[in-house]
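> Sharing a structure with you now.
The values are calculated or read from the model by the stated rules, or taken from the named source; none is laboratory data. Note that this is a predicted model, so its numbers are computed, not measured. Cβ sites come from the backbone with ideal geometry, for glycine too, and all protein chains shown count toward neighbours. Accessible surface areas use protein heavy atoms only, side chains included; no ligands, DNA or RNA. Shrake-Rupley method; radii C 1.70, N 1.55, O 1.52, S 1.80 Å.
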Amino acid sequence: MNRTELLELVIKASIEAGEKILKVYEEPIAVTTKSDDSPLTQADLQSNEVITNYLEKTPFPILSEEGKEMPYSERSNWTTNWIVDPLDGTKEFIKKNGEFTTNIALVTDGLPVLGVIYAPVLDELYFAEESFGTYKCSGKSFNGQLGDLLQKAHKLPLDQSSKKIKVVASRSHLSEETQTFIDELSQQHNDVETVSKGSSLKFCIVAEGSAQFYPRFAPTMEWDTAAGQAIVEMSGGTVIDHET
């Protein structure tokens, strides 16, 4: 499979997984707790099943939050693999505020080369590939052909004329370190606004140009950031480790 075929496959997987998620979303949501005290729903599991079924058609191994646990000693030898969060923002899903996503990234030598983020309730699809950049469109506009989708989509970043500095922060994980970062930024700039948003949509807002910063000091995992990193970096932004 070439990159175009892989991206078409991943977009289709994301949208179909989103349809499964919405069916659970429309009913009373049963929640269990995982060993790390994070919530788990049937939507997480059903989305993971859909995405895994698609990605298993490719030659690359899969690292998913809800999949089989892969010891680092094994996956450190992978040169190319998928990184999946089948339902990012489970807390937002449980709150039924619509701010949750499916995240899929293809990673080569530790760097994302392709990424897709889909928000089912909002029907917002973000996709990126290193050869052509990042785009946003409605998921419902995808007919299976990437070429057709590119004609309907908007290339990111969008034109943002506002001079105000905007910082996007988590709706559920605003840490003391994040607040300190925002306070220090406010001392450097006269007009700083904080925008709250759930899940990997924070990366998407930065890619759009609707916010300039997304600080995160709380613990995070590869599946929380891989697709978002692709979306941001291929729109011209950067993702860095604040310690280095």
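> Looking only at residues that are more than 13 Å from the chain's Cα centre (by Cα) and of a type in the set (Ser, Thr, Tyr) in the range 221-244, which one is modelled with the lowest pLDDT?
Applying the filter and picking the extreme gives 244.
> Can you run down the residue pairs with Cβ atoms below 6 Å, 6 or more apart or on separate chains, where the first is in the range 144-159 and aliphatic (A, V, I, L, M) and the partner is assigned to a loop (DSSP other than H, G, I, E, B)?
Final answer for the pair search is 149/142; 156/235; 158/209.
> Oh, and also: How many residues does the range 214-232 contain that are open to solvent by 70 Å² or more (accessible area, probe 1.4 Å) and either in contact with a Ser or Thr (Cβ under 9 Å, 6 or more places away or on another chain) or over 14 Å from residue 104 (Cα atoms) (or both)?
Of the residues in that region, 2 qualify.
> Give, as residue ranges, the strands (runs of 3 or more DSSP E) completely inside the range 112-207 that count at least 3 residues that are at pLDDT 95 or above and open to solvent by less than 10 Å² (accessible area, probe 1.4 Å).
124-129
> Take residue 31 and tell me if it is of a type in the set (Val, Ile, Thr) and touching an Asp or Glu at 6+ places or on another chain (Cβ under 6 Å).
no
> Let me ask something else about it. If only one of 55, 40 is modelled with pLDDT under 95 and open to solvent by less than 60 Å² (accessible area, probe 1.4 Å), which one is it?
40
> Show the residue pairs meeting these rules: Cβ distance below 6 Å; 6+ apart or different chains; first residue within the range 6-33 and under 22 Å from residue 56 (Cβ atoms); second residue open to solvent by 20 Å² or more (accessible area, probe 1.4 Å) and assigned to a loop (DSSP other than H, G, I, E, B).
11/142
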